[in-house]
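The values are calculated or read from the model by the stated rules, or taken from the named source; none is laboratory data. Since this is a predicted model, take the numbers as computed values, not measurements. Because the Cβ atoms are built from the backbone with ideal geometry, glycine has one as well, and the counts that use them run over all protein chains shown.
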Amino acid sequence: MRKINQILAIAFIMLATVSCKKEERTSEENTVKTDSTTVAAGPRIVSLNGAVTEVVAALGHEKEIVGRDVTSTFPESVKDSAKDLGHVKHGMSIEGIMELKPTLILGTEKDITPDLKAKIEGSGIKSVTFRQEFSAEGAKKLIADVAAALEHTANIKPIQDKIDTDLAEVVKFKKAPKVLFIYARGANMLMVSGTGTPIESMIQLAGGANAVTGFADFKPLTPEALIKGNPDVILLFESGAESVKGIDGVLKIPGVGKTNAGKNKNIITMDGGLLTNFGPRTGEAAKGLNQLLARNAK
């Protein structure tokens, strides 16, 4: 009997040892080793566009984002949880992306340079590049496209429907206020938005009209363009206004004082990402801008 018990004891110890080794091996298979730490494996997303990052987060996958571009600033928490890789068009390297051991790289056609896109495709990492349309319908399509790339099967309709709910609260003006958008990066870097820009689309969604229609895209701001456009309201990003020392600085820009906006001090600012990302917050942005226009365009 003693011999049988000894055999059973030895068998139990061997079984326990094999089991422990199997658990260790399984644990190793479920981790990814980086240069300095070992992290749990799973989806590891690099998002190279602010709107895409917003969608990923809105779908509940924010914790899977390990790297982001400089425009990915919403939600606030992503700025701390994901590594800032810089600007897609200026200085972002494929080496910086690969260091994060991504399993999925997401971006948009308008942002990724041909060179970076080619390197991403050559890396062998799964990547999806979206064609973004700057409209309410385009925002809803982006939500659907990102969900498909994530193989996200939960209902996305509530996120899309919120855009329409917010847009329904946009107040219609009897006469659309003329809005001039100035992109500012200091007093010596002032650009004005023409036609075909995301900011023009947002102005129109908010019930306004672009004050400048003589050219497409952006051009350097001149006093002549300001006076010719004669906007009722001048709009800037919050960061842009800060770069020229606030509203008082905007009013000192040559030509501003001769416009209706300048005379009435109708200068408004909003967060740049909110205004131009055209992601889940598109309706919220239009409603917010509409409210500011209603207060200032009398």
In this structure, is LYS89 buried (at least 20 other Cβ atoms within 10 Å of the Cβ), under 28 Å from GLY196 (Cα atoms), of a type in the set (D, E, K, R) and under 20 Å from the mean Cα position of the chain (by Cα)?
no
Tell me, please, whether a residue that is closer than 29 Å to ILE163 by Cα, buried (at least 16 other Cβ atoms within 10 Å of the Cβ), of a type in the set (A, V, I, L, M) and not assigned by TED's automatic domain parsing to the domain that holds PHE134 can be found in the stretch 221-228.
no
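Among what's in the stretch 63-81 and is touching a strand residue (DSSP E or B) at 6+ places or on another chain (Cβ under 9 Å) and under 19 Å from GLU284 (Cβ atoms), pick the residue that is surrounded by the most Cβ atoms within 10 Å (Cβ to Cβ). First the steps, then the outcome.
First pass over the stretch 63-81, keeping only residues touching a strand residue (DSSP E or B) at 6+ places or on another chain (Cβ under 9 Å): 64-72, 78-79, 81.
Narrowing the set further to residues that are under 19 Å from GLU284 (Cβ atoms) leaves 71-72, 78.
Values: THR71: 20, SER72: 26, VAL78: 21.
Of everything passing the filter in the stretch 63-81, SER72 is surrounded by the most Cβ atoms within 10 Å (Cβ to Cβ).
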Taking only the stretch 268-296 into account, find how many residues are among the aliphatic types (A, V, I, L, M) and at positive phi.
0
Conditions first: (1) in contact (Cβ under 8 Å) with a residue 12 or more places away in the chain; (2) out of contact with any Ser or Thr (no Cβ under 6 Å at 6 or more places or on another chain). ILE120 passes all but one, so which condition is the exception?
(2)
Among the listed residues GLY262, GLY288, identify the single one that is of a type outside the set (D, E, K, R), over 30 Å from ALA144 (Cα atoms), at pLDDT 95 or above and in a helix (DSSP H, G or I).
GLY262
On the given criteria, is GLU284 of a type in the set (Asp, Glu) and in contact with a Ser or Thr (Cβ under 7 Å, 6 or more places away or on another chain)?
no
Go through the stretch 211-250 and report how many residues are of a type in the set (Asp, Glu), out of contact with any Lys or Arg (no Cβ under 8 Å at 6 or more places or on another chain) and assigned to a loop (DSSP other than H, G, I, E, B).
1
Write out, first by first residue and then by second, each pair whose Cβ atoms fall under 6 Å of each other, whose residues are 6+ apart or on separate chains, and whose first residue, in the stretch 274-298, is not assigned by TED's automatic domain parsing to the domain that holds ILE234 while the second is outside any helix (DSSP H, G or I) and at pLDDT below 95.
none
Tell me which of these GLY279 doesn't satisfy, since it passes every other one: (1) surrounded by 21 or more Cβ atoms within 10 Å (Cβ to Cβ); (2) under 23 Å from the mean Cα position of the chain (by Cα); (3) farther than 30 Å from ASP166 by Cα.
(3)
Restricting the stretch 110-142 to residues that are β-branched (Val, Ile, Thr) and surrounded by fewer than 16 Cβ atoms within 10 Å (Cβ to Cβ), the one nearest to LYS162 (Cα to Cα) turns out to be VAL128
